Amino acid sequence: SKPSADNLRSPICCIMGHVDTGKTKLLDCIRRTNVQEGEAGGITQQIGATYFPAENIRERTKELKEDATLRVPGLLVIDTPGHESFANLRSRGSGLCDIAILVVDIMHGLEPQTIESLNLLKMRNTNFIIALNKVDRLYGWKTCPDGPIVKTMKQQSNDVQNEFKMRVKDIINQFQMEGLNTELYYKNKKMGETLSIVPTSAISGEGVPDLLLLLVLWTQQKTMVERFMFSNRVQCTVLEIKVIEGLGTTIDVVLVNGVLHEKDQIVVCGMQGPIVTTIRALLTPHPMKELRIKGSYVHHKEIKAAQGIKITGQGLEHAIPGTALYVVGPDGDLDDAKEAAMEDMNSVMSRIDKSGEGVCVQASTLGSLEALLEFLKSPAVNIPVSGISIGPVHKKDVVKASVMLEKRKEYATILAFDVKVTPEASALADEMGVKILIADIIYHLFDQFKAYIDHIKE
Ligand code: GDP
Ligand code: MG
């Protein structure tokens, strides 16, 4: 079938912004769940995808605009751990996300990671809108749960309205300094040239209907809609590998375009080369639940993009998160698919220090590994890396790291980012004198490593 505006896939949206601006809370608010309070230090370090069906969006935006035409089947929202992972999540060479929400705290304005996110969005040419969050923190704010923002503003005192205007003006100026024109969305006459700002509260829900409706209507505009035309060419990215009771090893993927079927032959990237297997089951969580939350699953014969999907199949335990999944069609070439699947991995392998001296690093996804390598390479950090791995730290990883004991003791170290260490590996490391540093925030690894080197030198 030819791509057409009558057959659209769901847009994929990333939430970005400085830490603590309310990215997770905003998703919680849309979903009416509470993921945020279950997280390590409140910081999102794993990637989650949530599918919001159009019916749900309609329900949420009824008060704002009853007769809105929703042509996309829904919205798939990805809550990224931070800008690094977003930058490194790819789907066949292009970015995984179609559009983004940049969250800014109205009380803080633009912060360092806001600027970094902005630069990434510019680099990737990703369209985005700004959620100006935490409006409920304006002094004297009168709560109107889930209220459309214009209606809500009218009910605020003059003081609140004035503080709001002043802060918005200030933030528009800050964006101007970054070379960007921005305007409150309901005053924005030139969407496309001028970025829209939607004031929100993730706690009481004001402005959230506006955010949802704007996202959907915007993706349906002439200039954007082509991107969301459904195509049969499969575009799919592996997010996570998980062992689930009763299912065995599963992979969580984002299907960006195309259709996946039960029994499809697929190829994914593995540490030891391409993995060729068959899809045993295609599962989705119930709509509105997040992929990373446990629960029962819905089985499918086939699934159409865009969706977050759990796949079961033999051999998937060696798949590498953050890489593309390929389907070998009836007339497809298996060797081509294998080669394509290994491309991302080869590019990461090329970053390892050629001298053979350096620490070992281990991370949960190819994206987080890339982010960690990038960080360790930066001039301010500058820690050489001799080996990499993805997934939990096992005994074999300790043995690999122990090679450095003879050369440079401080490099006989494993920097473990957001991964588990098996008890056997931990015991062996103690025995051999290999240091394992564990953290789920990248820069904490650096602090720990610095402290360890100082300790050795004493
Ligand atoms: P993230 O790091 O961007 O994902 O931020 P979180 O969603 O974890 O939120 C950080 C903190 O800000 C938490 O304590 C939230 O409860 C709080 N928060 C988030 N959104 C709002 C909001 O709209 N209003 C208020 N008052 N607090 C918020
Ligand atoms: Mg978060």
LYS189 is checked against (1) in a loop (DSSP other than H, G, I, E, B); (2) at pLDDT 95 or above and fails just one. What number does that condition carry?
(2)
Within the stretch 123-144, restricting attention to residues that are touching a Gly at 6+ places or on another chain (Cβ under 9 Å) and modelled with pLDDT under 95, which residue is surrounded by the fewest Cβ atoms within 10 Å (Cβ to Cβ)?
ASN125
Evaluate the stretch 35-57: report whether one residue or more is modelled with pLDDT of 90 or more and either within 16 Å of ligand 2 (Cβ to nearest atom) or in a strand (DSSP E or B) (or both).
no
Considering LEU195, LEU180, which residue is farther than 15 Å from ASN133 by Cβ, modelled with pLDDT of 95 or more and part of a loop (DSSP other than H, G, I, E, B)?
LEU180
So, restricting to strands (runs of 3 or more DSSP E) that lie completely within the stretch 249-331, which ones have at least 2 residues that are at pLDDT 85 or above, surrounded by 20 or more Cβ atoms within 10 Å (Cβ to Cβ) and under 21 Å from the mean Cα position of the chain (by Cα)?
307-312, 325-328
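The values are calculated or read from the model by the stated rules, or taken from the named source; none is laboratory data. Small disclaimer: the values here were computed from a predicted structure and weren't measured. No Cβ is skipped: glycine too gets one built from the backbone with ideal geometry, and neighbour counts run over all protein chains shown.
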